[in-house]
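Visitor: Quick one: the structure is below, questions incoming.
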Amino acid sequence: GEEKIEQIMMEEDLPPPFDDDEEDDLLPPPPPEDDNSNDEDDENDMPAPLEREKPSTDIPDNVGIPNTMEEDQDINHDNDDVGDDDDDLDDDKEGTGFAMVHDPETPESVRAEQLQQEKEELERKHKSKKKERDSITPKPKTRKRKSKKVTYSSPLGYPAGNRDYQAVPVSDFKESPEPGVRRSRRAKMPPLQWWKNERSVYGYHSEEGVLGEAMGDMPVVVDVMKAMPTPYKKRKPIKTASSTSKNANKKSKTAKSSSANADPETPFDDRKLRKKVEIMKGEVAHLWDEPLDEANDMKVVAYAKDMVSTKLPSPKGRRKGESKAIGEASQAFNIPTDENSIYMGYIMGKLELPPRGIKDSEAVGGCAQTFTVCACQPGALEVAYADPHSPDGELDPDTAQRFLLHPGDMFRIPPGNCYRIENHSKTTDCLLTWTIIRPRLVHP
């Protein structure tokens, strides 16, 4: 039996059975002997590494094209031998003669073309997915917000620089005591405006005697730095680029130019105003008459075109070198004093003086007179008052009190005085309105 078993094991290359007398095969083998000579011999005996052949970049013309039916059958047989695990790794484009993109045997031009095709396919899929997503949820339209320029300024404009400071001595805040009155010597000053950086300046005191010895080197307030007004510049209007603003600016400019170039003597177009309100005609209105204690028709308006002008008396007693021109006067109202002298009477009118025209001196007697300068060359109208100690009705040029007037100014002549008016302008006429207030009636 043992011989037969050994024969069978030799035929099938089986290991010999375990021998109880031999050492246990499960024990680890003894360490190898440290023999450097053997290692060197082994290294010398090792064969040289083989050089890898570079893959050829030439593709034969018959790659990927089966020649005969037998090759197709061999390929099918080879595919049948592949296990199920390899089916997951199969590619639709895989087959005999097909070169993969990452295969080192594939030429560079072919790999670049296939990579480009893959990129185009990915971009096409991405665009189609994005189009589907946008059709389901459209993107909201975003509006650009216009940036508004914020400027800070005051009615005076914008600050043009830092404010200055003025040193005010403390002595300016001390009140000078009246003679014989005892006052405090303390300087009374308003509170400092600290937000404007107003401050006190300290220095050595100027006290003498016992007080100076008591104070010693103690510093005292010498000056006060007062803040001056901040300089401002007027802000220019901001020009916008819109057409509407340009048109508005053009309209405003044309309106300003037309108003500036308009003739002041052109009559006002009152047609729209007459449609809104009733405009009276003539010079008379139905009003309450207090002296008569009843309503009455009375003249209340005097039109310049209806006034009758009268030349002033010819000049007499004018000095040598004075102008000989005279003016004209016209009367608008003449209201008498009532019988009981409760309501004073008055006369109103206007006075026109040509260039170099003179209204000779005149005494007003017991009346009072007022004048209003309506038009003249500024500073060219002179009014002169006689010396109160001079005889009535006489005006001495050497002692006269003179004033130069402008348009809009007013002056009066009290009762018992004498006056004279002269227009010094050589080119401009002078227009004044006057009122004479009558004195109260004296009953016996």
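Visitor: Can you tell me how many residues in segment 298-314 are in a helix (DSSP H, G or I) and surrounded by 10 or more Cβ atoms within 10 Å (Cβ to Cβ)?
Guide: 2
Visitor: Take segment 279-324 and flag every residue that is over 59 Å from the mean Cα position of the chain (by Cα) and small (Gly, Ala, Ser).
Guide: Ala295, Ser314, Gly317, Gly321, Ser323
Visitor: Continuing with the same structure: Working only within segment 384-414, note down all residues that are touching a residue at least 24 places away in the same chain (Cβ under 8 Å) and among the polar types (S, T, N, Q).
Guide: Result: Ser390, single match.
Visitor: Regarding segment 227-236, can at least one residue be identified that is open to solvent by 80 Å² or more (accessible area, probe 1.4 Å) and at pLDDT 85 or above?
Guide: yes
Visitor: Got a number for residues in segment 332-359 being in a strand (DSSP E or B), within 20 Å of Pro315 (Cβ to Cβ) and open to solvent by 40 Å² or more (accessible area, probe 1.4 Å)?
Guide: Count: 1.
Visitor: Could you say which residue among Lys305, Lys281, Lys276 is modelled with pLDDT of 90 or more, more than 30 Å from Asn340 (Cα to Cα) and not aromatic (Phe, Trp, Tyr)?
Guide: Just one listed residue meets the conditions, Lys276.
Visitor: Starting from segment 270-281, take each residue that is under 18 Å from Val301 (Cα atoms) and without any contact (Cβ under 8 Å) to a residue 12 or more places away in the chain and list its partners that are of a type in the set (A, V, I, L, M, F, W, C) and not in a loop (DSSP other than H, G, I, E, B), counting only C-beta distances under 8 angstrom and pairs at least six apart or across chains.
Guide: As it stands, the answer is Ile279/Leu273, since those pairs meet every condition given.
Visitor: Can you confirm whether segment 157-174 contains a residue that is over 30 Å from Tyr204 (Cα atoms), open to solvent by 100 Å² or more (accessible area, probe 1.4 Å) and at pLDDT below 85?
Guide: So far as segment 157-174 goes, no, none of its residues is over 30 Å from Tyr204 (Cα atoms), open to solvent by 100 Å² or more (accessible area, probe 1.4 Å) and at pLDDT below 85.
The values are calculated or read from the model by the stated rules, or taken from the named source; none is laboratory data. Computed from a prediction, not measured in an experiment: that's the story for all the values here. No Cβ is skipped: glycine too gets one built from the backbone with ideal geometry, and neighbour counts run over all protein chains shown. We work out accessible area using only protein heavy atoms, side chains counted, and drop any ligands, DNA or RNA first. Shrake-Rupley method; radii C 1.70, N 1.55, O 1.52, S 1.80 Å.
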